[in-house]
Amino acid sequence: NQLAHHLIGRGVCEGQPVAVLMERSLDWLTAVLAIFKAGGVYMPLDVKAPDARLQQMLSNAQTKVLLCAEGDVRQTSLDVAGCEGLAWTPALWQDLPVSRPDITLSADSAAYVIHTSGSTGQPKGVVVSQGALASYVRGMLEQLQLAPEASMALVSTIA
């Protein structure tokens with residue numbers, strides 16, 4: 001919730017893409033949840049992608065915030081007009097409210113945007129709605145019938 005408030009303070013609002021350039025981690029998961037709570041649209045970036053491709057994706061999506069892992073120099077080197085690079089620095093938001101931000105999203109609200117190269121070789125963003133994401137998760141849970149203590153490996157890229 002505190003990170004969500006920080007993102008809102010940085011201009012994130014409903015429908016606004018927030019790029020995340022991080023490896024899978026607890027920080028990454030926290031970032032995704034905070035973006036949803038701020039009303040933003042999660043935009044995963046592959047940490048192994050070349051800078052030129054990342055810059056193009058950030059520019060095309062008109063991303064306002066790029067959230068990077070602590071110590072990742074690309075927060076400043078990926079220079080895209082209107083996009084603020086933000087290093088994972090919990091001290092920046094630790095004093096913000098712990099209450100959930102007063103943001104209401106609908107099933108039609110954008111949840112995340114993923115990029116594919118498509119047939120042109122240029123990255124194209126595909127937006128997935130909150131409703132589609134919820135339906136997918138519900139369907140997977142019903143299909144897999146996972147026990148509460150179950151765990152699984154996440155083997156595909158988060159981008």
By the Cα gyration tensor axes a ≥ b ≥ c (a/c under 1.5 gives rounded; else a/b larger than b/c gives prolate, otherwise oblate), the shape of the stretch 58-99 is oblate
FRET E, pair Val128, Ser99, Förster distance 35 Å, beta-carbon r, rounded to 0.05
0.80
Here, Ala153 and Val73, labelled 7 Å along Cα→Cβ, have an inter-label distance in nm of 3.3 nm
Among Val47, Gln143, Val98, flag the residue with its Cα farthest along the positive direction of the charge dipole of the chain, charges on Cβ as +1 for Lys/Arg and -1 for Asp/Glu.
Gln143
Asserting the computed 222 nm helical MRE of the chain (DSSP H runs at least 4 long, -39500 (n - 2.57) per run, divided by residue count, to nearest 500) equals -9000 deg cm²/dmol
Provide the percentage of antiparallel DSSP beta bridges, counting only those with both residues in the stretch 14-91; round to the nearest 5.
0 percent
If I take R0 = 35 Å and measure r between the Cβ atoms of Thr120 and Glu23 in this structure, what FRET efficiency does the formula 1/(1 + (r/R0)^6) give, to the nearest 0.05?
0.75
Mind checking the stretch 77-151 for GluC sites (Glu not before Pro) that DSSP puts in a loop (not H, G, I, E or B) and that have at most 10 other Cβ atoms within 10 Å?
Glu149
Range of Cα positions in the chain per principal axis (Å), largest first
46, 45, 29
Inter-part gap, Cα centre of the stretch 129-145 to Cα centre of the stretch 62-116, in whole angstrom, is 25 Å
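Every number here is computed from the coordinates shown, using simple stated rules; none is lab data. Computed from a prediction, not measured in an experiment: that's the story for all the values here. Here Cβ is always computed from backbone atoms with ideal geometry, including for glycine, and neighbour counts include all displayed protein chains.
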